Amino acid sequence: MINEIMLQKNSDIVEALTKWRSMTTKNLKELVAGAENAPAFRQRILRLEQGGILKSKLQKGFNKIVYPSRELLLRLGIENFNEDNIRHDAVVSMVVSKLVDFKMVSAGRLPHEFKAKSSWKHRVIEPDAIIFIEKNEKELVVAIEVELWRKDRKRVFDKLVEYAKADEYDNVLYFFSDRSSFESYKKRLSELLLDDDLEHLKEELSQKIIFILNQSILKNASDLISSEVFHNGNTKKLGDLFE
């Protein structure tokens, strides 16, 4: 049984994980306890694990990831939670939680906070997250995809085309942690742009799809605003998109 006093004393951590689901301990501390002594915060996390409120995973070359225990999930009424995706989801949480610090970004949401509409005319796409950007007195809905592993060529083609068709998203930001994947997606996109059968989607493919390389996103997503960006055939910095 969950200790109610422990739950109340650590409501900041519980509330953060209710929204973000899984996070690295470093990212979680930055979000809820920036001024707290690091050893003291680690002790809090350890007590929450021992109390059956949190679970954690350690992976080689990666920070410790924490997420709600089964007991806490039941307490919060959360049913859909896949522990197999912990590492990927923690990186998504890290990227989005840092993007919402950008002045133009008004909010960020994970899949449990939004629903792809079955009424869409095309195949429903559920991105890893979405962010809302205020630009020129308009609100832009931007899909977020975090690519940690190389995907099948056809699968990449299909998803890029579906995003080009999807009027519900103004842009899609693809984040990569390694240059080989970044360059591979650039090549796939160039192939699509040369496909005569997709001439009617050429503008959407060029304008909507944005590739972003930041080799630190597996650990801390540092200096995100300086990430290398490929968009519409040009290379720039992420900060250039948020001017």
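The values are calculated or read from the model by the stated rules, or taken from the named source; none is laboratory data. Bear in mind the structure is a predicted one, so any value in this text is a computation, not a measurement. Note: ideal-geometry Cβ built from the backbone for every residue, glycine included; neighbour counts use all protein chains shown.
Some observations on this one:
- Looking across the range 6-46 at every residue that is more than 19 Å from SER69 (Cα to Cα) and among the acidic types (Asp, Glu), the one that is surrounded by the most Cβ atoms within 10 Å (Cβ to Cβ) is identified as GLU30.
- Pairs where the first residue, in the range 213-231, is touching a residue at least 40 places away in the same chain (Cβ under 8 Å) and the second is of a type in the set (Gly, Ala, Ser) and outside any loop (DSSP other than H, G, I, E, B), C-beta under 8 Å, 6+ apart: ILE225/GLY239
- Looking across the range 154-172, the residues that are free of Cβ contacts under 8 Å to residues at least 40 places away in the same chain and either crowded, with 16+ Cβ neighbours inside 10 Å or among the aromatic types (Phe, Trp, Tyr) (or both) come down to VAL156, PHE157, LYS159, ASP170, ASN171.
- Meets criteria (modelled with pLDDT under 80, within 23 Å of ASP89 (Cβ to Cβ) and under 17 Å from the mean Cα position of the chain (by Cα)) for ALA116: yes
- Within the range 1-62, helices (runs of 4 or more DSSP H) holding 3 or more residues that are touching a strand residue (DSSP E or B) at 6+ places or on another chain (Cβ under 8 Å) and more than 16 Å from LEU73 (Cβ to Cβ): 25-32
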